[in-house]
Amino acid sequence: MDNTVKILLADDDIEDRFIMQDAFNAINLPEVPLLVEDGEKVLEYLSETHRNAGVLPSLVVLDLNMPRLSGTQTLRELKSRDAYKDIPVIIFSSSLNVIEMHECKQLGALSYMVKPFTYEEYLLSAQHFYDFCLKKHSFPEFNSLINNFK
Amino acid sequence: MVSCRRKTSFKRELELKNGDTGDFIWHLVTVTPVTDEGGEISYWTGSMVDIHAQKVMEQTLRDNKELKEMKLLLEEKVKELNRSNQELEQFAYAASHDLQEPLRKIVFYSDYLNKHYSEQIDERGKLYFGNMTSASQRMTQLIHDLLNFSRIYRENLHLVKTDLNALATEAMNDLDLAIKAKHAQIEVSPLPVISVYPMQMRQLFQNLLSNAVKFSDDKRIPLVKVYAETNGSDVQLIFEDNGVGFEEKYLDKMFSLFQRLHSREKYAGTGIGLAICKKIADLHNGSITACSQPGNGAKFILTLPSVA
């Protein structure tokens with residue numbers, strides 16, 4: 001069953017993708033992450049999987065600042081399509097920005113995370129993403145994030 | 001007069017003095033020669049009409065026009081200033097936002113190297129490593145502070161009638177750890193209820209109280225007094241401590257961005273606290289200043305218009 005868990009992560013930064021893969025390797029889940037470089041690739045992957053009646057990812061993690069299709073644009077696309085709108089989306093941004101947080105909340109993202117500053121935190125994030133897919137972990141809701149920020 | 005010599009009619013607006021009042025009154029004076037059959041002037045005929053009201057009106061209209069032009073010019077300048085202000089804010093925001101990204105990498109990689117490879121390098125290498133890590137952390141803090149500083153502006157803020165006693169209590173709760181660690185005593189006299197931007201004013205309270213506790217003198221238990229005074233239509237809030245104080249020649253510097261009066265080893269911090277206080281005071285159309293003597297505590301005075 002564990003083999004079916006896939007997490008689709010989009011980030012235009014090759015170093016961040018490498019670190020993320022490294023983190024999943026370190027917690028012995030090298031097959032779980034699917035790393036793509038922007039929002040268009042997310043939509044391509046999903047439509048191909050959908051067409052082939054494959055298993056859609058349990059979670060989509062989006063960087064915000066990406067060329068071509070940004071995180072928010074991708075989020076909007078995902079939530080506007082019946083086939084994908086139930087896939088939980090987590091925003092994984094390099095900075096805490098309350099305006100962006102409001103926008104992502106409005107667009108239906110599940111949560112908003114600031115990218116980690118340490119390796120240990122990366123390991124923890126990877127584990128949390130995975131545990132969430134197994135329903136063993138829940139992410140803080142937007143309202144509490146926004147309130148904490150204030 | 002030219003017209004006399006030329007024997008032509010003459011028409012001019014003149015100010016004529018009123019003998020009774022001494023006022024000068026505008027008149028339209030017209031003089032026309034009447035000639036006989038031979039073309040010689042036999043006499044002059046003329047009139048004087050009081051056109052003062054008309055002249056005053058013309059002048060008023062002219063002044064009005066000038067005022068309007070001045071107003072347009074001023075509006076243009078205000079627009080320009082607002083624009084450059086906004087650009088500065090956007091610049092600070094973008095700079096700090098975009099600077100965070102590469103910095104996060106530096107912090108990440110140095111953390112990674114430190115955890116996984118520090119055993120493979122010698123003592124000097126480890127020392128430098130530690131220095132590098134703390135420098136990058138300091139930069140993270142600076143950028144974080146700069147971001148917070150650039151976020152303080154009036155847009156989307158609303159004045160709220162606020163009980164400053166409640167704000168003081170909240171700020172003290174936030175500083176609970178520091179206050180307990182220093183066994184500091186904070187005495188807040190009854191403060192007024194005035195219109196302020198609550199979040200920002202709370203931050204100002206917190207920064208001033210935090211400084212008062214932080215820059216304490218080891219020789220005595222920190223004691224901080226907060227009280228209000230009215231000065232005409234202004235309200236003054238005074239934060240008085242018995243800490244190390246400062247030399248007043250540094251007064252202006254103290255309220256500038258990232259200015260510090262002490263070494264990092266002695267007191268932590270980026271030097272943003274008072275700059276934020278000043279920005280918040282300005283935001284309320286108020287001002288902030290301080291007085292002190294080294295070793296004798298300091299007094300910070302926030303002056304706010306009673307209707308901010």
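Considering only residues in segment A:70-123 that are within 11 Å of chain B (Cβ to nearest Cβ) and over 24 Å from A:Phe18 (Cβ atoms), the one that is surrounded by the most Cβ atoms within 10 Å (Cβ to Cβ) turns out to be A:Asn97. Residues in segment A:125-139 that are in a loop (DSSP other than H, G, I, E, B) and surrounded by 13 or more Cβ atoms within 10 Å (Cβ to Cβ): A:Phe139 only.
In this structure, does B:Arg124 turn out to be out of contact with any helix residue (DSSP H, G or I) (no Cβ under 7 Å at 6 or more places or on another chain), within 14 Å of another protein chain (Cβ to nearest Cβ) and among the basic types (Lys, Arg)? No: the conditions fail for B:Arg124. The residue of segment B:64-115 that is surrounded by the fewest Cβ atoms within 10 Å (Cβ to Cβ), among those that are in contact (Cβ under 8 Å) with a residue 40 or more places away in the chain and within 13 Å of chain A (Cβ to nearest Cβ), is B:Ala95. Listed conditions (1) in a loop (DSSP other than H, G, I, E, B); (2) more than 27 Å from B:Glu265 (Cα to Cα) are all met by B:His183, apart from (2).
Results for (1) of a type in the set (Phe, Trp, Tyr); (2) modelled with pLDDT under 90; (3) surrounded by 15 or more Cβ atoms within 10 Å (Cβ to Cβ), shown as yes or no for each residue.
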position: B:Leu237; (1), (2), (3): no, no, yes
position: B:Asp241; (1), (2), (3): no, no, yes
position: B:Ser256; (1), (2), (3): no, yes, no
position: B:Ser263; (1), (2), (3): no, yes, no
position: B:Tyr267; (1), (2), (3): yes, yes, no
position: B:Ile280; (1), (2), (3): no, no, yes
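Are any residues in segment B:142-175 among the β-branched types (Val, Ile, Thr), surrounded by 18 or more Cβ atoms within 10 Å (Cβ to Cβ) and assigned to a helix (DSSP H, G or I), and if so, which ones? Across segment B:142-175, the qualifying residue is only B:Ile143.
The conditions of being over 30 Å from B:Ile143 (Cβ atoms) and either touching a Cys at 6+ places or on another chain (Cβ under 9 Å) or within 14 Å of chain B (Cβ to nearest Cβ) (or both) are met by A:Pro57.
With the condition kept exactly as written, say whether any residue in segment B:128-140 is surrounded by 11 or more Cβ atoms within 10 Å (Cβ to Cβ), among the aromatic types (Phe, Trp, Tyr) and within 12 Å of chain A (Cβ to nearest Cβ). The answer is no, given that none of the residues of segment B:128-140 is surrounded by 11 or more Cβ atoms within 10 Å (Cβ to Cβ), among the aromatic types (Phe, Trp, Tyr) and within 12 Å of chain A (Cβ to nearest Cβ).
The values are calculated or read from the model by the stated rules, or taken from the named source; none is laboratory data. Quick caveat, the model's predicted, so the values are computed rather than measured. Backbone-built Cβ (ideal geometry, glycine too); neighbour counts: all protein chains shown.
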